[in-house]
Amino acid sequence: MKRAATYARYSSDLQDDRSITDQNRLNDQIAARHSLDIVRRFEDREISAASIVTRPGFQAMMSAAKAREFDFIIIEDVDRAFRSQADYHTTRRQLKFIGVEIIANSGVVSGLEGSVRAMIAEHQLENMAGHIHRTMSGIAAEGRHCGGRAYGYRAIPGRPGELEIVEAEAEIIRRIFKSYVDGETPNAIAMKLNAERITPPRGSFWRPSSLLGSKRRGHGLLRNEIYRGVLIWNRVGMVKNPDTGRRVSRVNAASDWQRADAPHLRVVTEDVFNAAQRRMEARTFDAPKGARRTKYLLSGLLRCGACGSGMEIKDRDCGRIRIRCVNAKHGAGCHNTRVFHLAPIERAVVGGLKKHIGSKQAIGYYVKVFNEEQRRQSAGAAAARAKLEVKLADAERGIDRLIGAIAEGAITTDEARKRMPALRSELEAAKTALAASEEPPKVVSMHPKIAEQYLRDLDRLDQLIAGDLAAGDDGLAKALREIITKVRVMPEDDPVTNLRGEQSERQGPKIRIEGYLESLMKQSQFDRSSGGGRGSGGGTRTPDPRIMIPVL
């Protein structure tokens with residue numbers, strides 16, 4: 001009998017867990033009709049078929065298909081696996097190359113039939129989204145709330161979309177608006193709220209961004225028009241990224257926003273709300289689109305060693321930039337209130353890179369040590385995997401010998417039938433164990449040209465510390481980010497008092513560089529023709545080989 005795998009899936013909003021059992025029962029009947037032996041089962045629970053990328057069961061099935069573990073895939077219907085024409089055609093080409101066919105309840109799925117069914121499924125999905133959008137539009141037009149939880153309100157049980165004011169939170173909102181209109185900065189307001197342990201709408205601490213939000217998206221407590229008694233819906237739309245299968249929000253045109261009066265939800269007066277908007281408008285500067293770029297060598301990389309949050313510029317001391325912890329600035333629970341000069345930290349980072357991986361020999365040593373440690377840690381797993389591979393090979397040879405013996409007439413068919421199940425059982429057990437075993441360690445290699453480019457870049461980094469990055473150095477700064485992921489700034493030690501009562505000078509901050517040597521192993525990471533600094537993975541990294549460099 002030919003081997004087959006079954007695939008079952010259900011969406012959480014349409015079906016329940018019993019659907020998988022029902023689908024597998026039908027898939028078994030399909031297998032019996034076509035004389036197929038089911039060797040694997042795959043399933044995805046509570047996951048939409050809108051994309052194949054986000055379904056682990058489907059991805060595992062495709063990996064098994066590429067490993068030639070079966071010849072057919074059995075599904076109840078095409079829409080169980082595909083609700084996108086693009087996904088169907090991509091998968092069909094892959095399966096055709098492998099030699100695997102799809103069988104549904106209606107029979108073997110031909111290219112034309114599958115394409116038509118996938119098109120219908122995709123249309124149904126889009127049609128459903130249209131119906132939902134229309135329904136939500138009607139709810140918004142009635143003055144009911146269509147969004148998530150809004151600070152200052154709670155949902156009324158049994159009355160979908162209707163809200164009522166939470167007076168304790170409403171008082172906080174009025175206080176925030178009054179403080180802001182009276183001239184207090186968002187940072188000062190946030191610090192006071194944190195000091196009083198007032199619970200924020202999200203997260204653990206109030207931040208200026210909680211109040212200001214985004215002008216373009218209309219987010220932020222001070223911008224939310226619900227507090228003046230106006231509900232807004234359809235500010236953003238969701239678009240699915242075809243590469244990741246994940247939904248991404250996009251701001252809709254202001255003309256598409258739908259407003260409805262809801263005077264019963266008003267928390268602040270119209271005059272106070274408008275005064276807050278005027279002050280924000282006067283304090284807002286819209287930078288030209290695309291003008292934002294890396295300004296300093298370590299922009300976005302610095303982290304507080306005490307709490308792990310980011311660090312930001314505090315001020316300039318005689319022209320020298322000083323930085324501090326963001327959480328400490330906002331009174332968000334971090335005790336690290338120290339202020340650090342940026343230039344010494346930049347010099348320490350570059351010096352640490354030069355000292356530890358500033359030569360071909362040093363990079364080669366890191367690679368060698370990493371490979372040895374990886375082999376040492378996985379020695380037992382590698383030995384176990386080797387034994388499983390031997391068992392698999394023995395089982396395959398046993399089946400081949402048995403088939404050869406039948407062909408030569410050395411044994412009868414009845415004798416072969418008695419011995420074949422045991423051999424097949426051994427074969428399947430070896431395959432299952434091998435699939436569950438750890439992969440052998442990945443041996444890392446170093447590309448000579450990439451190492452040379454890295455060393456040249458390292459020599460140039462000293463020149464960038466003195467000031468802002470010039471336009472031509474932006475690519476170099478991005479390349480640095482492919483190696484460094486974080487620079488943790490540890491608070492310096494307190495002054496030490498000796499036996500004579502004298503205090504020694506406080507030591508400088510301790511710096512720890514965290515990054516990945518993987519960037520040195522891929523030519524594309526330092527390919528200047530592509531804009532510098534972005535790897536073939538679109539900015540993603542595997543977590544090894546990792547480096548952590550303490551710089552004292």
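Tabulated data for the structure shown
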item	result
With DNA, RNA and ligands ignored, accessible area of residue 296 (1.4 Å probe; Å², nearest 10)	30 Å²
For residue 220, residues with placed amide H under 5 Å, excluding near neighbours	214
Simple Cβ-charge dipole of region 1-157, Lys/Arg +1 and Asp/Glu -1, about Cα centre, in debye nearest 20	320 debye
Residues whose placed amide H lies under 5 Å from that of residue 38, excluding near-sequence neighbours	4
Cβ-based charge dipole, region 146-264, positive-most Cα from 221, 203, 161	203
Calculated FRET value between residue 411 and residue 89, using beta carbons and R₀ = 35 Å, to 0.05	0.15
Column: log10 I(q)/I(0), Debye, Cα scatterers of region 32-86, q = 0.18, 0.23 Å⁻¹	-0.66, -1.01
Inter-site label distance for residue 155 and residue 393 at 7 Å from Cα along Cβ, in nm	6.0 nm
Segment residue 25-residue 343, length gained on full extension (0.36 nm per residue, minus Cα span)	107.7 nm
Subset of 354/510; 387/431; 391/418; 66/431 violating a 19 Å alpha-carbon distance limit	391/418
Shape category assigned to region 1-110 from the gyration tensor of Cα positions, a/c cut at 1.5	oblate
Stretchable slack from residue 219 to residue 53, in nm (0.36 nm times residue separation minus alpha-carbon distance)	56.7 nm
Residue-span extension gain [residue 250 to residue 178] - 0.36 nm each, minus C-alpha spacing	22.7 nm
Placed amide H near residue 334: partners under 5 Å, 5+ positions off or other chain	328
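The values are calculated or read from the model by the stated rules, or taken from the named source; none is laboratory data. Here the structure is a predicted model, which is why all the values come from computation and not from measurement. Glycine gets a Cβ as well: all are built from the backbone with ideal geometry, and neighbour counts include every protein chain shown. Just so you know, the surface numbers come from the protein's heavy atoms only, side chains and all, with ligands and any DNA or RNA stripped out. Shrake-Rupley method; radii C 1.70, N 1.55, O 1.52, S 1.80 Å.
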